[in-house]
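Everything on this sheet refers to the single structure shown next.
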Amino acid sequence: MRILLVEDDDDIADDVVRALSASGCLVERASDGDQAWFLGDTEDFAAVVLDLGLPRLDGFSVLKRWRASGRTMPVLILSARSAWTEKVDGIDAGADDYLAKPFEIGELVARVRALVRRASGHASSVLTFGRLTLDTTRMSVAVDGTPHKVSPLEYRLLDYLAHQPGRTVSAGELAEHLHGAEGVSDANAVEALVARLRRKIGRDLIETRRGFGYILSEN
C-alpha cells in the first residue's frame, strides 16, 4: 500500500515513515509543495498525509490542484494550524481528515488505515474474502480461521488486493505498490511472489486472470 507523506520537517517525517512502514505501508516522501503536487498528480497512492506549511507551494494549493485535476485519493491534513476554521478550510479544499500537531503517532496510523479502508468500501479492519481473513490492525492472515505466517512483502500483496474488491490488479500495479515507482517492476517477480504465497495459504485463494492480473477469490 503506497502512502505519500508530504512533510518538510525531517524529524516528524522520520517518525511517520517508521510508524506507517511498521503497519505494512510503503511510504514515499515529498518535502516541498512542488514535488508533492507532481507526485500526487502523476502517480498512484492509496492515501496522502499532507502538511500545510510547505516550501514553494503551500499544502492548501497542492490539495486544490489535485482535486481540480480529478485526483481522488484520500488526504489527511497534518498541520500545526489547529483552529477550527483551518480545519473547515481544509475539509472544504478537499481533505478527508485533519490531524493537528502535536499528535500521537498511533492515532495518525489508525486514521490513515481508516481512510484507505473506507475508500475501498470496507467498514471493518478485519477483511474477509471467502476462506481468507486479513486483520489489518494486527497485520495477520488466517485461512478457515487458522493463522498463517507470511512475510511483510507477502502481507502487503494480500493487503493491496484486499483493498481492491472486485477488481483485477495487474502485475505492474502490484509491483508499484510493493516496491514503489523506482523499485522492482518485473512481472516475473510478482508472479514468483504470488506462487510463494499460494504455497503458504492455498492455490485457490488468489485467482489469476490471464492477460489482466490477480484478484482475491470470494469463494
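The values are calculated or read from the model by the stated rules, or taken from the named source; none is laboratory data. Bear in mind the structure is a predicted one, so any value in this text is a computation, not a measurement. Here the Cβ positions follow ideal geometry from the backbone for every residue, glycine too, while neighbour counts run over all protein chains shown. Side chains included, ligands, DNA and RNA excluded: accessible areas come from the protein's heavy atoms. Shrake-Rupley method; radii C 1.70, N 1.55, O 1.52, S 1.80 Å.
As a test question: what accessible area, to the nearest 10 Å², does residue 186 have when a 1.4 Å probe is rolled over all protein chains in place?
80 Å²
If you count only protein heavy atoms with a 1.4 Å probe, what accessible area per residue comes out for the chain, rounded to a whole Å²? Write out the running numbers ahead of the final one.
Details: 10330 Å² over 219 residues.
Per-residue value: 47 Å².
If you count only protein heavy atoms and use a 1.4 Å probe, how large is the accessible surface of residue 167, to the nearest 10 Å²?
The value for residue 167 is about 90 Å².
State, to one decimal in nm, how far the label point of residue 217 lies from the label point of residue 149, with both points 7 Å from Cα in the Cβ direction.
In this crude spin-label approximation the distance works out to 2.5 nm.
Taking 0.36 nm per residue of separation and subtracting the Cα-Cα distance, what length does fully extending residue 80 through residue 15 add?
Details: separation 65, 0.36 × 65 = 23.40 nm, distance 1.61 nm.
Roughly 21.8 nm would be gained on extension.
For the chain, what are Rg and Dmax over the alpha carbons, in angstrom?
My reading of the Cα-based Rg and Dmax gives 17.8, 53 Å.
Can you give the extra length, in nm with one decimal, that the chain gains between residue 207 and residue 128 once fully stretched, where that is 0.36 nm per residue apart less the Cα-Cα distance? Could the numbers behind the result be given before it?
Working: separation 79, 0.36 × 79 = 28.44 nm, distance 1.54 nm.
Fully extending the segment from residue 207 to residue 128 adds 26.9 nm.
Considering the convex hull of the alpha carbon atoms of the range 111-168, report its projected area averaged over all viewing directions, in nm², one decimal. Each step should come with its number before you reach the end.
Numbers: hull surface 16.1 nm².
One quarter of the hull surface, i.e. the mean projection, equals 4.0 nm².
Taking the C-alpha atoms of the range 79-121, how large are the radius of gyration and the largest Cα-Cα span, Dmax, in Å?
Looking at the range 79-121, its Cα Rg and Dmax stand at 11.2, 31 Å.
Tell me the accessible surface of residue 204 in square angstrom (1.4 angstrom probe, heavy atoms of protein chains only), to the nearest ten.
Accessible surface of residue 204 is approximately 90 Å².
Suppose the chain between residue 191 and residue 119 were pulled fully straight at 0.36 nm per residue; how much longer would it get relative to their current alpha carbon spacing? It would help to have the intermediate numbers written out before the result.
On the way: separation 72, 0.36 × 72 = 25.92 nm, distance 2.68 nm.
Between residue 191 and residue 119, full extension yields an extra 23.2 nm.
Work from the charge dipole of the chain (Cβ charges, +1 for Lys and Arg, -1 for Asp and Glu, about the Cα centre) and give the residue of 80, 179, 6 farthest towards its positive end.
179
Order 85, 136, most accessible first, counting only protein heavy atoms with a 1.4 angstrom probe. It would help to have the intermediate numbers written out before the result.
On the way: 85 65, 136 15 Å².
Most to least solvent-accessible, the answer reads 85, 136.
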